[in-house]
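Below is one structure, written out as structure tokens, with a few remarks after it.
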Amino acid sequence: MTAIALPRTAAGRTGIVALGVVLLLALVGLLAPWLAPHDPNEINLMDAFQGNSATHPLGTDASGRDLLSRLIWGARSSLAGPLLVVVLATVLGVAIAVASAWRGGWLDAVVSRCVDVLFAFPGVLLAILVVALFGAGLTVAVVALAISYVPYIARLVRSAALREQAQPYITALTIQGVGGFAICRRHLIPNLLPLILAQSTLTFGYAMVDLAAISFLGLGVQPPTADWGVMVSSGQPSILQGFPQESLYAGALIVVVVAAFNLLGDRLDEWTR
Amino acid sequence: MTPILEAQGLRKTFGGNVAVADVSFALARGGSLGIVGESGSGKTTTARMLVGLEVPTQGRILFDGEPLERARSTARRRERARGIQMVFQDPYSSLDRRQTIASCLDEVLRVHFPMSAEQRAARVSELADLVGLDDRMLRGRPGALSGGQRQRVAIARALAAEPEVLILDEAVAALDVSIQAQVLNLLADIRERTSISYILISHDLAVVRQITEEAVVMYQGAVVESGPTAKILDEPQHEYTRRLRASVPGPGWVPGKALASGGAA
């Protein structure tokens, strides 16, 4: 393992705070059934647009649903969605990058051109195209976004892999007669992990914004499921009626999580360098 | 007796550039051969051809009298690995920084021999003993070791496959002079005990003199002189060897004087 020294600088401490925020919100999402004071989907039109109160600490939305409960339950899809995007994109991106860097030759040439072509598609546009083909929903949006992030990860990891595999220790393993697959799995990829981790963390932030945008457009998570992106969208008409809470709270949480992941990615990048 | 390793008219070109023009030599079983030359003389390319990292454009390499073919399959590469091994110049980048020394040696054993975990562990400590590493170092990662200790690890790793020929590519060049002497003594000891053969690639004539019996001098990709090491270094025949020898600072060498007489260095 790469030793990570405990940060003593101010910048280091913001990294710890960012990690704390992320872990806390993940925990909230996991414990939603126990933490949420109400059923997030329970409609009570008599209670619409309630202000802060003991029963509804953050008030209610246009259908009288408890906002706090919806935000707590929303943490699940809002965090799990980007996580799936990142895991899928990272696994695919690393596999493609390492294979093409290791093999070189025509495989590398073909993969690099495909990555270039994929780069030309904005992630959200690609997602909209795929949703148009396969229908709306979180799964489809996640897969489409993951594919659109593969080029970013693949390009970075490929150039790092090229640098790493030129190191004498890799040559030594080749001379020892260790197979290419074993060298990549046991030596090359583990040595690239710090970089991969930092990049994945940064990607999480982008994925979260993009997924929220897709849900906002009504192509991702479907109402009435609680999701922060959906809440920003469904809170729109209420803003005009003078009740901005729903969009505001959900939007604020997205900002906080994205900022936390960006900070964390930056710090990870520094610590593991 | 057949030489254990023989190069016949090796040539390697990269595009239009000739890295190695014409190299022939024979390494006796249990012998030690020095390849001497300045940077860019083709020493390292020759070494890379010997271990199969490069394919010669012309010429052939005989191992124990049999020509070595290009090793395409992993099985063939392993076979070759058990014949010829190599120690690299830079002890800092030739070990995986994430791997403990013990697991680094263990990995080589796992690749080459059908041994149980206990047998491998025993062999790892045997190898560590051979190169003078203790148990604490075995459990550590390369980051905890000095340059000389790392080079001992690299030697142990190369010996793990029990090769008949060990190629030392500037293997002591990156070490302090005193550590150099230790490692050279170690190499001499190992040769006495195991009857392994060495090819020592170096630009350092003192190092070549210390552990080789035969030497070839390379200049611009070709062998310009060959024979017993002592004879080559004491009575150089080729102009280049004479210049190489004269460029080594000896006793009585005064830096100021050299600068004054040689003009701008």
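The values are calculated or read from the model by the stated rules, or taken from the named source; none is laboratory data. Bear in mind that the values here come from a model prediction, so they are computed numbers and not experimental data. Virtual Cβ from ideal backbone geometry, glycine too; neighbours counted across all protein chains shown. To get the accessible areas, we keep the full protein, side chains included, count just its heavy atoms, and leave off ligands, DNA and RNA. Shrake-Rupley method; radii C 1.70, N 1.55, O 1.52, S 1.80 Å.
Key figures
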{"quantity": "Residues of the stretch A:163-202 that turn out to be more than 11 Å from chain B (Cβ to nearest Cβ) and either in contact with a strand residue (DSSP E or B) (Cβ under 8 Å, 6 or more places away or on another chain) or within 18 Å of A:W271 (Cα to Cα) (or both), as a count", "calculated": "8"}
{"quantity": "Scan of the stretch B:140-171 for residues that are in contact with a strand residue (DSSP E or B) (Cβ under 8 Å, 6 or more places away or on another chain) and either closer than 25 Å to B:T2 by Cα or at pLDDT below 90 (or both), ordered by number", "calculated": "B:A158, B:L159, B:A161, B:P163, B:E164, B:V165, B:L166, B:I167, B:L168, B:D169, B:E170, B:A171"}
{"quantity": "Residue in the stretch A:154-162 that is within 22 Å of A:D108 (Cβ to Cβ) and within 11 Å of chain B (Cβ to nearest Cβ) present", "calculated": "no"}
{"quantity": "Residue under evaluation B:R82, criteria (1) within 29 Å of B:G148 (Cα to Cα); (2) at the interface with chain A (Cβ under 9 Å from one of its Cβ atoms); (3) open to solvent by less than 50 Å² (accessible area, probe 1.4 Å), criterion not met", "calculated": "(3)"}
{"quantity": "Residue list for the stretch B:33-61, filter: part of a helix (DSSP H, G or I) and either touching a residue at least 24 places away in the same chain (Cβ under 8 Å) or of a type in the set (F, W, Y) (or both)", "calculated": "B:K43, B:T44, B:T45, B:T46, B:A47, B:M49, B:L50"}
{"quantity": "Qualifying positions in the stretch B:80-112 - among the acidic types (D, E) and at pLDDT 90 or above", "calculated": "B:D96, B:D106, B:E107"}
{"quantity": "Candidate set: the stretch B:12-63, residues that are hydroxyl-bearing (S, T, Y) and farther than 30 Å from B:E162 by Cβ; chosen: the one least open to solvent (accessible area, probe 1.4 Å)", "calculated": "B:S41"}
{"quantity": "Odd one out for B:T100, checked against (1) free of Cβ contacts under 8 Å to residues at least 40 places away in the same chain; (2) open to solvent by 30 Å² or more (accessible area, probe 1.4 Å)", "calculated": "(1)"}
{"quantity": "Matching residues in the stretch B:57-67 - criterion: being under 19 Å from the mean Cα position of the chain (by Cα) and either within 11 Å of another protein chain (Cβ to nearest Cβ) or not acidic (D, E) (or both)", "calculated": "B:I61, B:L62, B:F63"}
{"quantity": "Some residue of the stretch A:216-237 being of a type in the set (S, T, N, Q), open to solvent by less than 10 Å² (accessible area, probe 1.4 Å) and in contact with a helix residue (DSSP H, G or I) (Cβ under 6 Å, 6 or more places away or on another chain)", "calculated": "no"}
{"quantity": "Test result for A:G123, more than 30 Å from A:T174 (Cβ to Cβ) and free of Cβ contacts under 8 Å to residues at least 12 places away in the same chain", "calculated": "no"}
{"quantity": "Every residue from the stretch A:147-178 that is open to solvent by less than 10 Å² (accessible area, probe 1.4 Å) and of a type in the set (F, W, Y)", "calculated": "A:Y169"}
{"quantity": "Per-region count, the stretch B:69-79, residues more than 7 Å from every other protein chain (Cβ to nearest Cβ) and either in contact (Cβ under 8 Å) with a residue 60 or more places away in the chain or touching a Gly at 6+ places or on another chain (Cβ under 7 Å) (or both)", "calculated": "1"}
{"quantity": "Test: residue in the stretch A:236-253 that is of a type in the set (V, I, T) and within 14 Å of the chain's Cα centre (by Cα)", "calculated": "no"}
{"quantity": "Hits in the stretch B:67-79 (condition: at pLDDT below 85 and open to solvent by 60 Å² or more (accessible area, probe 1.4 Å))", "calculated": "B:E69, B:R70, B:R72, B:A75, B:R76"}
{"quantity": "So A:L88, is it open to solvent by 30 Å² or more (accessible area, probe 1.4 Å) and in a helix (DSSP H, G or I)", "calculated": "yes"}
{"quantity": "Residues of the stretch A:31-50 classified as modelled with pLDDT of 80 or more, in a helix (DSSP H, G or I) and out of contact with any helix residue (DSSP H, G or I) (no Cβ under 8 Å at 6 or more places or on another chain), total", "calculated": "2"}
{"quantity": "First in the stretch B:194-208 and touching a residue at least 24 places away in the same chain (Cβ under 8 Å) and within 8 Å of B:V36 (Cα to Cα), second anywhere and part of a strand (DSSP E or B) and of a type in the set (D, E, K, R), Cβ under 9 Å, 6 or more apart", "calculated": "B:I201/B:D169; B:S202/B:D169"}
{"quantity": "Top-ranked residue of the stretch B:200-215 - restricted to ones that are of a type in the set (S, T, N, Q) and not in a helix (DSSP H, G or I), ranked as farthest from B:E235 (Cα to Cα)", "calculated": "B:S202"}
{"quantity": "Unique match (being open to solvent by 20 Å² or more (accessible area, probe 1.4 Å), of a type outside the set (G, A, S), free of Cβ contacts under 8 Å to residues at least 24 places away in the same chain and closer than 26 Å to A:G12 by Cβ) among A:V255, A:V209", "calculated": "A:V255"}
{"quantity": "Boolean, B:A188 is open to solvent by less than 50 Å² (accessible area, probe 1.4 Å), out of contact with any Cys (no Cβ under 8 Å at 6 or more places or on another chain) and part of a loop (DSSP other than H, G, I, E, B)", "calculated": "no"}
{"quantity": "Number of positions in the stretch B:85-132 that are hydroxyl-bearing (S, T, Y) and within 22 Å of the chain's Cα centre (by Cα)", "calculated": "3"}
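Table: residues versus (1) closer than 22 Å to B:K43 by Cα; (2) over 12 Å from the mean Cα position of the chain (by Cα).
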position: B:D135; (1), (2): no, yes
position: B:G148; (1), (2): no, yes
position: B:R157; (1), (2): no, yes
position: B:A161; (1), (2): no, yes
position: B:D169; (1), (2): yes, no
position: B:I199; (1), (2): yes, no
position: B:S202; (1), (2): yes, no
position: B:A206; (1), (2): yes, yes
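Every residue, every condition in (1) buried (at least 19 other Cβ atoms within 10 Å of the Cβ); (2) touching a residue at least 40 places away in the same chain (Cβ under 8 Å); (3) out of contact with any strand residue (DSSP E or B) (no Cβ under 6 Å at 6 or more places or on another chain), yes or no:
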position	(1), (2), (3)
A:R13	no, no, yes
A:P37	no, no, yes
A:N44	no, no, yes
A:Q50	yes, no, no
A:G64	no, no, yes
A:L68	yes, no, yes
